[in-house]
Every structure is written in structure tokens, then in C-alpha cells.
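Student: Here's a structure for you.
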């Protein structure tokens, strides 16, 4: 009888250990990513572009109340990236928006892994620009502040993390400001 009790206790202990392991395994796999975090913003990255010898073109058109961002590869330059994130893309919601982030990484080979580099104008080391597309009043970009952390750089892909706030001003009312947060993984592909 004592051996049956011991056998039952061992089985229950193993079952609890198995459940605990199966519950924590998905969390451990997220933690191993090193780039994603549980408190990330819920944007879906829908576009990614990285160019080795490019420069960012940011043009403001006040007559149409829009900002155009593009990568120019005809005049040389450094490493630049352009990424787009879509938020709340459900049909019929009406509160969806998209953030487009442009990064001038300089020479990405000089960046060290797992070091957060400041984004934005000086003292920021990486110039960054952002636009928002939404069903709201037209917004003019002010600045992007935060950090970029390089995780990996391969021949055709850069993976990193962006923790930034994008600042905007309404086109028709300079006293009204809007901010959007972007805290998540970024993948740039050549």
C-alpha cells in the first residue's frame, strides 16, 4: 500500500511538472527572441526595405497635407531603412492607422549589437522620420524620439528593436499635437 501511495505521488508530481513545463515553454521561446517583449505595441509590420547605398528623401507637400518618404539609391549614401506598421486592421473598426518609420542607419556595420542608439535629431545618432496614415485630421510629422537596438545583421536582413514615440502636429492648428508609440521588433530586408 505504501508503494502505491509513493507511485501515485510521483505520478502527480510528474504531471504537475509536465503542465508547468508546457505552460512556460511558449513564454521561454518568446524570451529567447531577445527583440520581442510582452508589452510590445500590437502593430503588424506590413512593409520592410533596407538599402546599402541610399539616402532618405522626405518631402512635405502642404497643399495636399501629406509627407512623402522614399529611398534614393541613385546618389549613394549609407544604410537606410523604411518600415510600415499597421494597427487595428480589422474590417469596419474605423480606428485603424499605419505608422511608417524611416531610419538613416549610417553604416550599419559600425553599430554594435544589443546597444540602444538614440533616434532623432542630435544628440540622436540615427536620424529618424515618421508618418501616420489614419482617419483623422491631417498630421504633419515633428520628430521621432527613442532608441533603435540592433539584434542581428545579415547579408540581406537587419533585425532590431524600436522603442520610439512619433510626434505630430495638426496641419491646420499648430497648437494641437498628437503622439504615437512604437515599441516592437523591426525587420528590414534587402
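The values are calculated or read from the model by the stated rules, or taken from the named source; none is laboratory data. Only a predicted model underlies this, so the values are computations on that prediction, with no experimental measurement involved. In this analysis, Cβ positions are derived from the backbone assuming ideal geometry, glycine residues included, and neighbour counts consider all displayed protein chains.
Student: Quick test of your reading of the structure: residue 152 fulfils all but one of (1) over 18 Å from the mean Cα position of the chain (by Cα); (2) free of Cβ contacts under 8 Å to residues at least 40 places away in the same chain. Name the failing condition by number.
Tutor: Tallying (1) over 18 Å from the mean Cα position of the chain (by Cα); (2) free of Cβ contacts under 8 Å to residues at least 40 places away in the same chain, residue 152 fails exactly one: (1).
Student: Conditions: (1) surrounded by fewer than 17 Cβ atoms within 10 Å (Cβ to Cβ); (2) modelled with pLDDT of 95 or more. Residue 190 meets all but one. Number of the miss?
Tutor: Here residue 190 clears every test but (2).
Student: Specify the residue that is farthest from residue 39 (Cα to Cα); the eligible residues are those in the stretch 166-185 that are surrounded by 13 or more Cβ atoms within 10 Å (Cβ to Cβ) and free of Cβ contacts under 8 Å to residues at least 60 places away in the same chain.
Tutor: Across the stretch 166-185, the extreme among qualifying residues is 170.
Matching residues to (1) in a loop (DSSP other than H, G, I, E, B); (2) in contact with a helix residue (DSSP H, G or I) (Cβ under 9 Å, 6 or more places away or on another chain):
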position	(1), (2)
150	no, yes
160	no, no
175	yes, no
179	no, no
183	no, no
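Student: Looking at (1) closer than 25 Å to residue 154 by Cα; (2) surrounded by 17 or more Cβ atoms within 10 Å (Cβ to Cβ); (3) within 16 Å of the chain's Cα centre (by Cα), which is the only condition residue 111 fails?
Tutor: Every condition holds for residue 111 apart from (3).
Student: Next up: Of the numbered conditions (1) free of Cβ contacts under 8 Å to residues at least 60 places away in the same chain; (2) touching a strand residue (DSSP E or B) at 6+ places or on another chain (Cβ under 6 Å), residue 112 fails exactly one; give the number of that condition.
Tutor: All conditions pass for residue 112, except number (2).
Student: Among the residues of the stretch 156-165, are any exposed (fewer than 12 other Cβ atoms within 10 Å of the Cβ) and over 19 Å from residue 189 (Cβ atoms)? Steps first, answer last, please.
Tutor: Let us first name the residues in the stretch 156-165 that are exposed (fewer than 12 other Cβ atoms within 10 Å of the Cβ), namely 156.
When the remaining residues are screened for being over 19 Å from residue 189 (Cβ atoms), the result is none.
The answer is no; no qualifying residue exists.
Student: Follow-up question, since we're still on this one. Can you go through 130, 146 and tell me which one is at positive phi, touching a strand residue (DSSP E or B) at 6+ places or on another chain (Cβ under 9 Å) and without any contact (Cβ under 8 Å) to a residue 60 or more places away in the chain?
Tutor: Working: 130 fails: at positive phi.
Of 130, 146, the one residue that is at positive phi, touching a strand residue (DSSP E or B) at 6+ places or on another chain (Cβ under 9 Å) and without any contact (Cβ under 8 Å) to a residue 60 or more places away in the chain is 146.
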